[in-house]
1. What FRET efficiency, computed as 1/(1 + (r/R0)^6) with R0 = 25 Å and r the Cβ-Cβ distance, is obtained for Asn379 and Gln269, rounded to the nearest 0.05?
2. Of Lys281/Lys444; Lys281/Lys375; Lys266/Lys453; Lys257/Lys411, which pairs sit farther than 31 Å apart, going by alpha carbon to alpha carbon?
3. Based on the Cβ-Cβ distance from Arg454 to Arg217, what FRET efficiency comes out when R0 is 51 Å, to the nearest 0.05?
4. With label points built 7 Å along Cα→Cβ from the Cα atoms of Arg126 and Lys58, find their separation and express it in nm.
5. Could you give the size of the charge dipole of segment 191-325 about its Cα centre, using +1 on the Cβ of each K and R and -1 on the Cβ of each D and E, expressed in debye and rounded to the nearest 20?
6. What is the order of Ile233, Ile86, fewest Cβ neighbours within 10 Å to most?
7. For segment 434-469 and segment 235-311, write down the distance between their C-alpha centroids in whole Å.
8. How long is the gain from Glu118 to Ser250 if the chain were fully straight, where each residue apart is worth 0.36 nm and the alpha carbon distance is subtracted?
Amino acid sequence: MYDLTKMLEEIVEDEKVSKSGNRKVSQGEISRLLRERRLRGKREEDYRSLPLGEILLKEGLITSEQLEEALNLQAERGERIGSLLIQLGYIPDDALLRALSKKYDTESVSLLDLHIPEETLNLIPRSLMQKHRLLPLMADVKNVHVAMESPHDFGAIHEVEVLSGKKVHPVVTTSYQMDLATDYVLEKKAGAFDGRELQQLLKRPMTMVSLMDELHRHNGTDLLISVGSPPVIKKNGRLLPLDLPPVTRSIAEVCAKVLMTGQQVKQFQEKKQITFVSDHKATGRLRVSAYLQRGNVSLSMRRIMTGRLHMDPLGLPLWLEDVVAGHQGLVVIASPTGHGKTTTAMALVNSINERRCANIVAIHDCLEVVIPPRKSLINQRVLGVDVDSLDQETRALCTQWAEVLVLDEMKSRQAVETALAAAASGCLVLGTVQAFTPSAAMEKMVDFFPASKRPDVKRSLSHCLLLVFCQRLHARGEGETSRGLSYETFSPRELDGLQDGAFSTPHNNRSVAPFDFLQDVQEQSLERQKDGNRPSNP
């Protein structure tokens, strides 16, 4: 049965109609208002049964494509959908709070607006706050209001009621704010909770999306993330700290998980470090290195050049194309870490690809640059993904009929043996080595072997080595906005050291004036043309 008196009172309250009765409420209005009220109640009930993502979609806060992306990440990582949407930069906290309030049919609260006295915080042990991810907000003699990620977690509510001796009134908040709040309380250990300090942390939201946008805006090459310090961008060889608060443990972990697949997360947890490639809309392709330091996650990200790599725009000498025009021998590209040896190797591969038909097999630890096939067949294989080990690939090279072999990072005896064997069998081999000088690169390759084997290795090198090309990028000068390239070479004419058991410093060291990759390419190209387009082959 309907309580007509109560219904009319509710109608009057809803419509703000005075009980003094300045006007009459018709039967039709009563029917309409009752119908609307039932529909509103049904909508609220529907929201309680809907997944959060569907609520956000119904409210027009996200698109179906954004929801699908977040659901795919959730399937890999098992995180909350709202937290993932914030990490991806698709919704703000206040919109998520409104949706959570409808989902759980309870009040929502932003922890950024609160000041919680120390005595209120002490009602619940820190370990329990961390275990159930909750925070006491206010209390009186009999009641305590608690912010929770899951206000329907009745087990957690019961545990708090037993420990505090008070009735719990749950209030929902976002996972992202709870991450910050629990980190804040655990690190502070004592004292009141001040939401204004959290507001400083969120003054510019530190998500992976926003950090990638910063890297793009500054036209930086690297992004470094370490707990306890603000994120740092590397530009033209110089480190530039961003105007952001220090990175917290939870932010570093979230940034790492956003970049990784589920399989990569497992590998990182097992090995404590991982290197992989990730794609981002603003910055393009990134090489990411994740590792642990003092139990915290650190990230080092470097932008990778994409598209077809050409010699001239990179500032590389055009005579290198003549060196790789041959069909047999070993070319070693050396540089310190981060000075472009992989980019140079891939530019040479692209030169072959555009000039002739060849079967090219490239072995990568981490696939940074993808070369689309043009005249050649391009087979880019990743260790641990496409092939289990370099030894397995070495045995398969004969059956793969490789004419050009690319070894990205020759950092083991096995890699050097593979390069020498392939070159001796008739392949053109391009290999990269981390070294400061050509002679240091040669010594490093030989030193992988025991002393008894080194004379044979040097003899093999003397037969198949075409060139060692050592390059370095460096800042142009104070206030300059670009980097320059210089190089030196080591070629068969400098192999006297091989017979003596030691490598002499190459006497044809060549250093060119550094030039701007972005501005001076045309000028350098004209200078080369005046000199006959290519300097003499070393």
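1. The value I calculate is 0.20.
2. Working: Lys281/Lys444 39 Å; Lys281/Lys375 29 Å; Lys266/Lys453 40 Å; Lys257/Lys411 29 Å.
From the list (Lys281/Lys444; Lys281/Lys375; Lys266/Lys453; Lys257/Lys411), the Cα-Cα distance tops 31 Å for Lys281/Lys444; Lys266/Lys453.
3. With a Förster radius of 51 Å, E is 0.50.
4. Label at Arg126, label at Lys58, 4.1 nm between them.
5. Result for segment 191-325 is approximately 280 debye, rounded to the nearest 20.
6. So the ranking, lowest neighbour count to highest, is Ile233, Ile86.
7. Using only Cα atoms, the two centres lie 33 Å from each other.
8. Computed gain between Glu118 and Ser250 is 45.2 nm.
Coordinate-derived values only; no laboratory data. This structure is a prediction, so every number in the text was calculated from the model and none was measured. With ideal geometry, Cβ positions are generated from the backbone for all residues, glycine too; neighbour counts draw on all protein chains shown.
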